[in-house]
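Report on the following structure.
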Amino acid sequence: MALADPGPTGRFGEYGGQFVPETLVPACQELERSFRSAWADPAFRGELDRLLSDYAGRPSPLTECERLSEELGVRVLLKREDLNHTGSHKINNVLGQALLARRMGKTRLVAETGAGQHGVASATAAALMGMECRVYMGEVDMERQALNVFRMQLLGAEVVPATSGSRTLKDAVNEAMRDWVATVGDTHYCLGSVMGPHPYPWMVREFHAVIGAEARQQCERHLGGTPDVVTACVGGGSNAIGIFSGFVDTDAELVGVEPAGGAAVGRGVPGVVHGMKSYLMQDEFGQVQEAHSISAGLDYPGVGPEHSHLASIGRARYEQVTDDEVIAAFQLLSRTEGIIPALEPAHAIAWLSRDRELLAGRTVLVNMSGRGDKDVAQMMDVLG
Amino acid sequence: MSDIPVAPAEPGALERTLRAGRDEGRKLLVPYLTGGLTVGGDHWLDVLSAVVDAGADAVEIGIPFSDPVMDGPIIQEASERALAQGATPLSILDEVRRADVGVPLAVMTYYNVAFRMGHERFASSLADAGVSAAILPDLPYEEVGPWAAAADAAGVETVLLAAPTAPDDRLPVVCARARGFVYAVGLLGVTGERTALAASSLEIASRLKAVTDKPVLVGVGISDAAQAAEVCAVADGVVVGSALVRRVLAGEGPAGAAAFIGGIRSALDA
């Protein structure tokens, strides 16, 4: 199987859809039409490919982790999305959406951000293309990711705090949607994960499929085949879908790793919020629960609908790790490989470190979705 | 989209009441109140009675949701406070069931509340509580099928929203499926007060009146009596939410709510 086109209703099995206020329905429909046409247009694809190579630095390398492998007894390969321009995989999606927005005649981007990586990437693309950019960020996250707030401002974006609810990523999404409801004429909502209403989960996946396509080729060359396991952290799930898309038709086991305090697949039940039907942490009356994770980027009570589908058909499975396990993994990779990971992909390292005995002798490909510079100040407090 | 049932031809209680009012030459006034919200000892049902006595034709009761993406700061705050006071869909509907309101009621909430409880169970809970209609602003026409089937079966009218962004060919489709009334979204934006009536309010009302004979009520941004009267030059009526809820949050209680709604009633009747 390959990951499917969800069709006009935007369904991945029973998940997905387009649960948005009526005001936004025509905009979502227009976005779907525009994306379909752009994605089939060699000129658009060529321009995006050129930006991905000349501006973002693709292809990202595949790194064999010899010392970590020796320590864990598991052969570990990293797909180095941390080496992209702006420091994470987020740039793949943002360059695609900004090009598309320009093609649609939009002059302004709004975005939500958790850890700030998607916000920084959006601000970067807006600067590159001469567009206005406003980024909504939870007040709590603005504190713990002050460096990224400054980066966004330096790039010319306006950063607006989300002050309602849990004041984290969930609330930033609410604010971005409210902004878009009011500004839909000239504004594109540059959504940062494989979530939200159709066509976002599909479109964002397609923009990140380059991760899996490259990694598949790199593994063929390096291993002469495919890895036994492909793993990535999952908040909304964009970096995971990106790398899974290259291996879904192989025998590789696909493992998403969620924070224990934000485990939509692991602890949620189906629900509808932020435009999509998917697993969601909620109470018996459908009130969305607040997630709690050390990682601002994964501090989200929902998950992209295609992950709910992959979980329900058994093609991928989802593990949970605790903040303490993540902190240990953050140090482990830094110490053994000289790579300081972002707290988000440190979740994937934490899982394979914890389950190393079950994985003994196997080859595991980890999507290293971002670098840890943004987390250093927070970790100084934690480890200090 | 083949799974979207055709709306029953027979109007429900809300639509009958609104049509009757319109037939008498009356402009329709539907205040919105956040259910389960007690401020300064004033129970929300007392505020509800007060706005009915002040001339409401029907009342919208908000069942608070944790993530109200169509709502601005006032209704967000009211929702958060009601939830913090322990309001749940069942507690609100239980209070409604025991109240004697005298006008039709619609609940306004977000789709996950209905989805989580189950369509049939939520629809029958509304009917059991004497609620005529439901408004789910994040459930657009294309996604309404499974809920509408359950609501139709339970005799609950599903109000649909129509927005200024809709192309002309979309409006008749939405109107045909709407029951109770057609909720015309007055502007591009979320609920909240505005200093002047948006030109888009008159435009959307006029576009809708040209394609439907169902009552057309404009909501979102209707902030005072003058704006209500201005839009009712075209529309059949108005929904007034944030402007009323702000007064409730400020502790103005049933008397303040009645004075505000009474003022709009007088302007509409003038």
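Here are the numbers:
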| item | result |
| --- | --- |
| Per DSSP, loop GluC sites (Glu not before Pro) in region A:294-362 with at most 12 further Cβ within 10 Å | A:357 |
| Karplus (6.51, -1.76, 1.60) ³J(HN,Hα), θ = phi - 60°, over region A:191-204, in Hz, Gly and Pro reported as x | 6, x, 9, 7, 9, x, x, 3, x, 4, x, 7, 4, 5 |
| Within chain A, helix-based [θ] at 222 nm, where runs of 4 or more DSSP H residues each add -39,500 (n - 2.57), nearest 500 | -13500 deg cm²/dmol |
| Chain A, relative contact order in percent, only Cα pairs under 8 angstrom and at least six apart counted | 21 percent |
| Whole-angstrom gap from region B:47-65 to region A:50-77, using each part's C-alpha centre | 61 Å |
| Folded to 0 to 90 degrees: helix A:25-39 orientation relative to chain A principal axis, Cα | 60 degrees |
| Contour excess over end-to-end distance, with Cα ends at residue B:128 and residue B:255 and 0.36 nm allotted per residue | 42.8 nm |
| Theoretical gain in end-to-end length, residue A:2 to residue A:129 [0.36 nm per residue, Cα-Cα removed] | 42.4 nm |
| Dipole magnitude of region B:27-269 about its Cα centre (Cβ charges: Lys, Arg +1; Asp, Glu -1), debye to nearest 20 | 120 debye |
| DSSP H segments from chain B that extend 18 Å or more along their own axis, Cα-based, with Kyte-Doolittle mean of 0.0 or above | B:253-269 |
| Gap separating the Cα centres of region A:199-222 and region B:75-120, nearest whole Å | 44 Å |
| Rounded tilt (10° steps) of A:343-354 against the dominant C-alpha axis of chain A | 30 degrees |
| Other protein chain Cβ atoms within 10 Å, averaged over every residue that makes up A:338-350 | 0 |
| B:110, B:141, A:15 arranged by Cβ crowding within 10 Å, fewest neighbours leading | B:141, A:15, B:110 |
| Among A:51, A:104, A:87 - extreme Cα towards positive end, dipole of region A:15-120, charges at beta-carbon | A:104 |
| 0 to 90° range, to nearest 10: angle between helix A:90-103 axis and chain A longest Cα axis | 20 degrees |
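Every number in this text was worked out from the coordinates using simple rules, so none of it is lab data. Treat the numbers as computed from the prediction; the structure is a model and nothing was measured. No Cβ is skipped: glycine too gets one built from the backbone with ideal geometry, and neighbour counts run over all protein chains shown.
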